[in-house]
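A quick write-up on the structure given underneath.
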Amino acid sequence: MPNPIAFPLLFLLVAAALFVSSSSQPAASQPRGFYINCGSDKEVQIGSIKWIQDEGFIAVGNVSAIDKPNLLPVLATLRYFPDATARKYCYELPVVKGTRYLVRTTYFYGGFDGGTEPPVFDQIVDGTRWSAVNTTDNFRRGMSTYFEMVAEAQGKTMSVCLARRPDTASSPFISSLEVVDLEDSMYNTTDFGKYVMSTVARNRFGSKGEIVSYPDDQYNRYWAPFTDGNPAVESHSPISPDDFWNRPPDKALKAGVTASRGKKLTVQWPPSELPAASYYVALYFQDTRTASPYSWRVFDVAVNGQEFFRGLNASAAGVMVYSSMMQLSGKTEIVLTPNETSPVGPLINAGEIYQIVPLGGRTATRDVVAMEDLARSLKNPPPDWAGDPCLPRKSSWTGVECSEGPPARVLSLDLKNHGLLGSLPDSIGNLTAMKTIYLSGNKLSGSIPDLSSMRTLTALRLDGNQFSGTIKPSMGKLNNLKELYLNNNNLSGQIPDSLKNKAGLDLRTKGNRFE
């Protein structure tokens with residue numbers, strides 16, 4: 001499976017018209033999760049869902065309104081990121097570790113920066129580079145673009161980040177962000193400890209009109225209409241979503257495409273070609289006739305000539321079949337071949353397809369916690385100090401270098417002459433793989449923490465700051481330490497003998513108040 005960093009464009013952009021219809025059906029509460037209207041200065045209600053401001057989820061970027069008439073509120077504002085020195089710009093959301101989430105990002109350029117063509121950039125979830133964001137074609141058609149993925153929370157927070165590419169010409173931007181809780185049963189044949197699923201298509205066949213979403217789909221998934229040259233039929237029997245692992249809404253199976261008795265049904269779906277990869281494919285079937293002793297449709301299902309399911313009985317209650325790691329490429333063809341005894345032709349009602357994307361790796365939890373503590377202890381950390389400190393490799397935090405892993409470990413911190421204010425937390429000592437720390441020429445204050453557990457540390461440069469207090473004798477336990485620059489601070493007390501007498505140590509202490 002190719003690394004998503006090497007092949008960042010996960011192909012299919014799902015286009016949504018500027019006026020996405022929502023059902024007028026009332027709902028007691030909206031789906032669990034976050035619905036963030038990026039760049040907005042107030043909450044807005046759209047249909048059954050309340051969209052909140054992005055304040056508190058991100059600390060960087062500017063906001064802009066889109067000067068276009070009749071836009072949905074979630075497309076009328078955006079947040080953009082003009083700082084070209086930052087490696088990534090991250091939203092961070094509180095989540096429950098081990099819970100599965102649907103993540104959706106929506107983009108509408110609207111010429112907010114005075115340009116005529118949207119920038120191209122990458123999007124990242126935690127440490128995984130998810131896809132490129134190229135909305136040019138949809139913007140020219142007056143449409144927004146959204147991307148979806150299904151991922152499992154690896155910790156207590158989930159980061160959704162944008163990152164510049166070499167060809168990013170202007171400021172990355174985002175219009176809205178959704179992170180929706182899913183049930184444990186949904187898509188549970190995928191190993192989310194190793195993969196995420198990036199949405200390719202989710203369609204209801206034989207249907208026209210609006211996109212079906214919440215409240216018809218309690219998880220606010222978008223089920224887009226799909227028609228082709230095959231005859232369409234309407235269903236007369238309701239389904240119970242709870243009978244299906246993935247819980248499709250009743251409306252998604254209200255219609256279908258079919259063929260005459262004894263004839264094969266061929267459906268080209270999804271309409272765009274697929275790159276060679278592994279896919280999760282779920283197909284939904286329901287006999288559209290009123291339930292009776294004679295209401296059976298039996299047929300075989302094949303995808304690109306591969307047997308998918310033999311002897312499927314599409315009853316009035318409905319049935320789902322799936323493949324969790326199917327190898328596909330190019331055009332995709334679904335062929336339903338009827339059983340000789342079936343009184344009616346085959347049919348298909350709905351389908352979902354996702355590309356299986358390997359996780360980009362993970363950073364050791366103790367390093368993540370320590371780096372997050374450090375970020376909070378600094379009053380003005382670099383603007384990209386959010387999300388995973390190490391991953392993806394080309395989008396690590398400014399000044400941070402890491403090992404290959406797994407798991408990735410923080411090896412070096414270089415933020416000299418960066419104008420930093422604040423202090424060093426005690427937890428920085430938990431970065432036990434650290435080799436070099438260069439923080440010279442800042443305005444850091446407070447005491448120097450106990451770093452005796454950082455046994456691999458070879459260089460510690462804290463000169464030209466405002467550190468106070470004493471040098472802890474435990475510093476002498478760092479057997480690999482070759483450089484210790486503490487000059488030009490406000491340190492006092494005595495220099496421990498373990499440092500003064502340490503062979504091979506370049507120790508600099510001038511400009512302090514030592515006895």
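The values are calculated or read from the model by the stated rules, or taken from the named source; none is laboratory data. Computed from a predicted structure; not experimentally measured. Note that each Cβ is placed from the backbone with ideal geometry, even for glycine, and that neighbours are counted across all protein chains shown. Protein only, heavy atoms only, side chains kept; ligands, DNA and RNA dropped before computing areas. Shrake-Rupley method; radii C 1.70, N 1.55, O 1.52, S 1.80 Å.
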| note | Within the range 354-385, the count of residues that are crowded, with 22+ Cβ neighbours inside 10 Å, part of a loop (DSSP other than H, G, I, E, B), touching a Pro at 6+ places or on another chain (Cβ under 8 Å) and charged (D, E, K, R) comes to 0
| query | With ALA6, ALA28 as the choices, which residue is among the aliphatic types (A, V, I, L, M), over 29 Å from SER272 (Cβ atoms), modelled with pLDDT under 95 and open to solvent by 50 Å² or more (accessible area, probe 1.4 Å)? | reply | ALA28
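Yes or no, residue by residue, for (1) without any contact (Cβ under 8 Å) to a residue 60 or more places away in the chain; (2) out of contact with any helix residue (DSSP H, G or I) (no Cβ under 6 Å at 6 or more places or on another chain); (3) of a type outside the set (A, V, I, L, M, F, W, C):
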| position | (1), (2), (3) |
| --- | --- |
| VAL321 | yes, yes, no |
| GLU333 | no, yes, yes |
| ASN339 | yes, yes, yes |
| ILE348 | no, yes, no |
| Selection within the range 475-495 - among the hydroxyl-bearing types (Ser, Thr, Tyr) and free of Cβ contacts under 8 Å to residues at least 40 places away in the same chain | SER492
| query | VAL103 fails exactly one of the following numbered conditions: (1) part of a loop (DSSP other than H, G, I, E, B); (2) over 14 Å from GLY61 (Cα atoms); (3) in contact (Cβ under 8 Å) with a residue 24 or more places away in the chain. What is the number of that condition? | reply | (1)
| request: Enumerate the pairs (first residue in the range 264-277 and under 15 Å from SER329 (Cβ atoms); second residue anywhere and at pLDDT below 95 and surrounded by 20 or more Cβ atoms within 10 Å (Cβ to Cβ)) with beta-carbon separation below 6 Å, excluding pairs fewer than 6 apart on the same chain, so at least 6 apart or on different chains. | output: SER272/LEU12
| request: Could you tell me which residue of the range 142-159 is least open to solvent (accessible area, probe 1.4 Å), considering only residues that are farther than 18 Å from PHE112 by Cβ and not in a strand (DSSP E or B)? | output: ALA153
| task | Among what's in the range 462-515 and is touching a strand residue (DSSP E or B) at 6+ places or on another chain (Cβ under 6 Å) and of a type in the set (Val, Ile, Thr), pick the residue that is nearest to LEU424 (Cα to Cα). | result | THR470
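Rundown of residues vs (1) modelled with pLDDT under 95; (2) open to solvent by less than 60 Å² (accessible area, probe 1.4 Å); (3) farther than 30 Å from ASN304 by Cβ; (4) within 29 Å of the chain's Cα centre (by Cα), yes/no style:
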position	(1), (2), (3), (4)
SER175	no, yes, yes, yes
GLU178	no, yes, yes, yes
ASP191	no, no, no, yes
VAL196	no, yes, no, yes
PRO215	yes, yes, yes, yes
PRO241	yes, yes, no, yes
LEU253	yes, yes, no, yes
LYS264	no, no, no, no
SER272	yes, yes, no, yes
| remark: Expected single match for at pLDDT below 95, open to solvent by less than 50 Å² (accessible area, probe 1.4 Å) and closer than 24 Å to LEU274 by Cα among SER342, SER324 is SER324
| request: Pairs only if they're at least six apart or on different chains, beta carbon under 9 angstrom, first in the range 302-314 and loosely packed, with under 11 Cβ neighbours inside 10 Å, second assigned to a strand (DSSP E or B); list them, first residue then second. | output: GLY305/GLU333; GLY305/VAL335; GLU307/ASP300; GLU307/VAL301; GLY311/VAL298; GLY311/PHE299; GLY311/ASP300
| request: Having 3 or more residues that are modelled with pLDDT of 95 or more and over 30 Å from the mean Cα position of the chain (by Cα) is the bar; report the strands (runs of 3 or more DSSP E) wholly within the range 386-440 that clear it. | output: 436-438
